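Worksheet: one structure, shown below.
The values are calculated or read from the model by the stated rules, or taken from the named source; none is laboratory data. Nothing here was measured: the structure is a model prediction, and the numbers come from that model. All Cβ positions, even for glycine, are placed from backbone atoms using ideal geometry, and neighbour counts span all protein chains on display. Only protein heavy atoms, including side chains, enter the accessible area calculation; ligands, DNA and RNA are left aside. Shrake-Rupley method; radii C 1.70, N 1.55, O 1.52, S 1.80 Å.
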Amino acid sequence: FRQVSDNLLLLIQAAGLRHVTIYRQYCPMAFNDRGAYWLSEHPEIKNPYFGGKMLECGEISDTLY
């Protein structure tokens, strides 16, 4: 999931998509505290790395327009 999100971010940046807001969100505890990002079209945190255990753990690190 991390690799897909990283590659999708590169594609969005290269394509210059401007008609939708994408939030780059970050969980510092993913992968044994190495951290990981994911992309979302919603500002609410729904952590895909920990799911029900820590669904709201994370933060918005960047907003792409």
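Within the range 5-65, list the GluC sites (Glu not before Pro) lying in a DSSP loop whose Cβ has at most 15 other Cβ atoms in a 10 Å radius.
Working: sites: Glu41, Glu44, Glu56, Glu59; in loops: Glu41, Glu44, Glu56.
Taking the range 5-65 and a limit of 15 other Cβ atoms within 10 Å, the loop GluC sites (Glu not before Pro) found are Glu41, Glu44, Glu56.
Among the chymotrypsin sites (Phe, Trp or Tyr not before Pro) within the range 1-61, those in coil by DSSP and having at most 12 neighbouring Cβ atoms inside 10 Å are Phe1.
Once the trypsin sites (Lys or Arg not before Pro) in DSSP loops with at most 13 neighbouring Cβ atoms within 10 Å are cut out of the chain, the longest remaining piece is 47-65. Hey, any idea what % of the chain's accessible area is carbon plus sulfur with a 1.4 Å probe? Answer for the chain is 53 percent, counting heavy atoms of protein chains only.
Angle of helix 2-15 to the longest C-alpha principal axis of the chain, folded into 0 to 90 degrees and rounded to 10: 20°. Accessible surface computed residue by residue for the chain, with neighbouring protein chains in place and a 1.4 Å probe, gives 70 Å² per residue. Based on the alpha-carbon gyration tensor of the chain and its eigenvalue square roots a ≥ b ≥ c, which shape applies: rounded if a/c is under 1.5, prolate if not and a/b is larger than b/c, or oblate? Prolate is the answer for the chain, as a/c is 1.5 or above and a/b outweighs b/c.
Given the -39500 (n - 2.57) contribution per DSSP H run of 4+ residues, what per-residue ellipticity at 222 nm results for the chain, rounded to the nearest 500 deg cm²/dmol? Don't skip to the answer; put the middle values down first.
Values: 2 runs with 18 residues, N = 65.
Rounded to the nearest 500, the figure is -8000 deg cm²/dmol.
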